[in-house]
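Below is one structure, written out as structure tokens; the observations come after it.
Nothing in this text is a laboratory measurement; each read-out follows from the coordinates by a stated rule. Here the structure is a predicted model, which means the values were calculated and not measured. Here the Cβ is made from the backbone with ideal geometry for all residues, glycine too, and neighbour counts use every protein chain on show.
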Amino acid sequence: MKQAKQTVNAAKRPLNQAIGNRLRAVRYAHGLSQMQLSRSTGGVLGKSRICWYENGSRRMSIETAEVLAATFGDVSPAYLLCLTDVKEPLSPDERQLLRLYRETDDPGRAAIMAAAEQQRGAC
């Protein structure tokens, strides 16, 4: 049983390290130390936890990624968890457009797409 657990843990390490590297890169881009980042989260995350994530010793949860994304303000939780390479979350206008698109019927969606295509061609 111990061997199986070690194999599972070994398989998790590359992703944990990728997530840790991404977190470190974003923290560096914001010019923050681990302690400063901890304080920026309002103490929700301690310096030790941030260190564990960056070293790949532990994998952050979705909830933790949400706290960090909100703290940084310019990355999404999915980006921090290496689920996407798109760094910035949708802007408020993009979210509103997506919501309106999803709420409308098929003819409305076709009109929205036609308007977007027309604007793209005008650029």
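The range 11-36 and the range 39-111 have Cα centres separated by 15 Å.
Across the range 37-52, coupling constants 3J(HN,Hα) worked out from phi with the 6.51/-1.76/1.60 Karplus curve, θ = phi - 60°, read 5, 4, 5, 5, 7, x, x, 4, 10, x, 4, 4, 4, 4, 4, 4 Hz, and Gly and Pro carry x. Just want to confirm a number: the relative contact order over the chain, from Cα pairs under 8 angstrom separated by 6+ residues, in percent. Answer for the chain is 19 percent.
Counting 0.36 nm for each residue step from Leu83 to Ala29 and taking away their Cα separation leaves a gain of 17.5 nm. Using the Cα coordinates of the chain, the gyration tensor eigenvalues translate into equivalent-ellipsoid semi-axes of 37, 19, 13 Å, sorted from longest to shortest. Any chance you could give the angle, 0 to 90 degrees and rounded to 10, that helix 62-72 forms with the longest Cα principal axis of the chain? So the helix axis and the longest Cα principal axis differ by about 70 degrees.
Here each label is just a point 7 Å from Cα along the line to Cβ, and for Cys51 and Ala114 those points are 6.2 nm apart. Note on the chain: with a GNM built from Cα contacts shorter than 10 Å, the maximum mean-square fluctuation among Ile112, Ile19, Ile62 falls on Ile112.
When the chain is treated as a Gaussian network with alpha carbon springs shorter than 10 Å, the biggest mean-square fluctuation among Ala29, Ala69, Ala78 belongs to Ala29. Who wins for biggest fluctuation among Met113, Met35, Met60 in a Gaussian network model of the chain, springs between alpha carbons below 10 Å? Fluctuation is largest for Met113.
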